[in-house]
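The values are calculated or read from the model by the stated rules, or taken from the named source; none is laboratory data. All of these numbers come straight from a predicted model, not from anything done at the bench. Neighbour counts run over all protein chains shown; Cβ positions are idealised from the backbone, glycine included. Note: accessible area is taken over every heavy atom of the protein model, side chains too, but ligands, DNA and RNA are not part of it. Shrake-Rupley method; radii C 1.70, N 1.55, O 1.52, S 1.80 Å.
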Amino acid sequence: MNTSKHFSSRSILTYGLVSMSFLLIQCSIPRKVKFEIPVDTKDKKISLQERKTYEFKDMGVWVDNKFDGARLNGAVQLNDSTIQLQINPENTPINKSPYYAFKTWSDSPRTIYFNLTYPEGFEHRYIPKKKQNGTWTVMDTLAIVKTENGAYLKLNLSQEVQTIAGQEINSSKDVKAWYEGKLVQPHDFVRSQIVGQSALGRDIPVLDMYHGRPEGKPIVVLMTRQHPPEVTGYFAYQHFLEALVNQGDLTESFFNRYRVLAFPNANPDGVDLGHWRHNANGVDLNRDWSKYRQVEVENIAKFIVTASKNDQGKIVLGLDFHSTYEDVFYTNVTREGTTLPTFIDDWFELLEQEISDYEVNEQASDSTRPVSKGWFLYGHNATSITYEIGDHTPKDRIGEIGTKSAVAMMKILLEEK
């Protein structure tokens with residue numbers, strides 16, 4: 001028999017499965033979304049920081065950036081009490097949000113001044129946070145003096161290691177420990193999986209949350225950490241998700257009807273590399289929601305679209321958690337004809353009722369650049385909001401806002417017919 005002209009039943013089955021798999025993969029690729037102002041999101045060169053311990057023997061002081069979330073590009077001694085720390089972005093152009101993180105200690109108690117120095121054109125933004133004995137605190141502003149392109153920090157050192165950072169460090173390992181411990185382990189309806197890998201091979205997790213079966217359930221998408229230092233938004237996100245799963249009957253009713261896809265770390269490379277804003281390819285992920293040139297956005301978008309198609313669940317709401325200078329909700333002006341045309345107004349009204357001394361700060365405009373908010377609107381006709389928390393909003397206030405906004409969302413969505 002001439003095998004080149006004949007197929008065994010096993011070959012036919014294999015060919016059929018391969019063909020079917022190819023079709024499923026093709027179907028899962030999200031269509032490109034057009035925006036008024038396109039952004040070039042092709043790979044751009046970055047400068048990696050050298051991971052090392054800087055030793056100043058005559059001072060008996062050490063400075064270190066050998067940990068996930070560190071940002072330190074050089075250290076030199078200026079005099080017997082001052083060390084200059086060079087802080088550079090991963091590449092430029094980039095937002096004027098210099099992020100820094102380093103560890104330091106000394107062989108005996110002493111006071112050291114650290115001169116944070118940024119490239120020309122960048123000003124100090126983040127009030128330093130200090131981790132000591134496992135606890136983060138905000139540094140006393142009297143120990144901080146801003147300069148033209150940086151700041152001086154006054155630190156009392158000892159043999160005990162201190163971590164100083166622009167914002168509290170929450171590395172990929174920290175994020176995983178949080179969602180595994182607080183969400184997945186206590187709740188059998190919270191399923192964690194990996195949607196793919198980042199540019200450097202780090203896992204991109206998703207939490208798939210629903211009761212019963214997923215088929216036909218409207219989909220709510222929650223994401224955060226597209227921009228690595230924006231951890232106040234991540235703190236709100238933590239409280240938001242913990243509130244979703246811990247409201248008893250309200251939670252039960254909500255997840256009987258809705259499905260939540262939660263992405264707690266959209267940019268794991270940027271988070272662990274201590275980037276000011278971009279991923280490992282030097283790109284702002286929240287400008288790539290059009291052509292999906294970056295693998296992180298491609299994997300997340302593909303997972304959302306595939307879940308929607310395979311289980312016939314309509315994407316109805318997207319919330320993307322970020323940080324900026326003040327608390328603000330960025331919304332789209334277009335409401336009529338979308339999935340939830342009255343949700344935003346109803347939600348904001350309820351937030352002002354439920355949160356003490358709270359007035360919603362809304363800035364509405366249809367997205368002109370390829371951000372997630374526009375992707376939900378133009379790609380899926382879905383209601384979407386960029387949920388921003390201020391850099392310096394107190395943590396207890398963040399907890400209240402995050403918790404009560406989640407409860408209010410569930411109540412309003414359960415009233416939808």
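Some notes on this structure:
- Residue with peak Gaussian network fluctuation, the chain [Cα springs, cutoff 10 Å], from Asp396, Asp320, Asp64: Asp396
- Bridgeable lysines around Lys130 (alpha carbons under 24 Å apart, same-chain partners fewer than 8 residues away excluded): Lys52, Lys57, Lys66, Lys96, Lys103, Lys146, Lys154, Lys173, Lys176, Lys395.
- Sorted largest first, extent of the stretch 53-120 alpha carbons per principal axis (Å): 40, 25, 15
- Taking each DSSP H run with n ≥ 4 as -39500 (n - 2.57) and averaging over every residue of the chain yields -9000 deg cm²/dmol at 222 nm.
- Thr82 long-range amide H proximity, modeled H, under 5 Å: Tyr113
- When Ser192, Ser106 are compared by accessible area of protein heavy atoms, the largest-first order is Ser192, Ser106, using a 1.4 Å probe.
- DSSP loop GluC sites (Glu not before Pro) with at most 12 other Cβ within 10 Å: longest gap in the chain: 216-325
- Debye log10 I(q)/I(0) for the stretch 261-409, one point scatterer per Cα, at q = 0.20 Å⁻¹: -1.41
- Residues with amide H under 5 Å from that of Thr224, placed H, sequence gap 5 or more: Phe263, Asn265, Ala266, Phe321
- Here the extension length gained between His392 and Lys154 equals 83.7 nm, from 0.36 nm per residue of separation less the Cα-Cα distance.
- Distance between the pseudo-spin-label points of Phe67 and Ala364 (7 Å out from Cα toward the beta carbon): 4.5 nm.
- Note on the chain: with a GNM built from Cα contacts shorter than 10 Å, the maximum mean-square fluctuation among Leu207, Leu377, Leu350 falls on Leu350.
- Each residue of the stretch 393-401 was assigned a 3J(HN,Hα) from its phi angle through the Karplus expression (A = 6.51, B = -1.76, C = 1.60, θ = phi - 60°), giving 4, x, 5, 5, 5, 4, x, 5, 5 Hz with x at Gly and Pro.
- Magnitude of the charge dipole, the stretch 318-391, Cβ model with Lys/Arg +1 and Asp/Glu -1, debye to 20: 580
- Note that the chain presents 46 Å² accessible area per residue, ligands and nucleic acids not counted, probe 1.4 Å.
- Computed FRET value (nearest 0.05) for Thr53 with Thr111, which takes r as the C-beta separation and R₀ as 35 Å: 0.95
- Placing pseudo-labels 7 Å out from each Cα toward the beta carbon at Val161 and His187 gives an inter-label distance of 3.4 nm.
- FRET E, pair Lys34, Thr92, Förster distance 25 Å, beta-carbon r, rounded to 0.05: 0.35
- Converting phi to 3J(HN,Hα) with the Karplus coefficients 6.51, -1.76 and 1.60 and the offset θ = phi - 60°, the stretch 164-179 yields 10, 8, x, 9, 3, 7, 10, 6, 4, 5, 5, 4, 5, 4, 5, 6 Hz in sequence order, with x at every glycine or proline.
- In order through the stretch 362-373: 3J(HN,Hα) via Karplus (6.51 cos²θ - 1.76 cosθ + 1.60), integer Hz, x for Gly, Pro: 10, 10, 9, 6, 5, 4, 9, 9, x, 9, 4, 4
- When the Cα gyration tensor is reduced to axis lengths a ≥ b ≥ c, the ratio a/c is 1.5 or higher for the stretch 103-179, and with a/b not above b/c it is classed as oblate.
- If the segment from Glu180 to Leu250 were pulled out straight at 0.36 nm per residue, it would be longer than the present Cα-Cα gap by 23.0 nm.
- Heavy-atom accessible area, probed at 1.4 angstrom with all protein chains present, ranks Lys404, Lys66 as Lys66, Lys404, highest first.
- For the chain, with all protein chains in place and a probe radius of 1.4 Å, 49% of the accessible heavy-atom surface sits on carbon or sulfur.
- Relative contact order of the stretch 73-142, pairs being alpha-carbon contacts under 8 Å that are 6 or more residues apart, as %: 29
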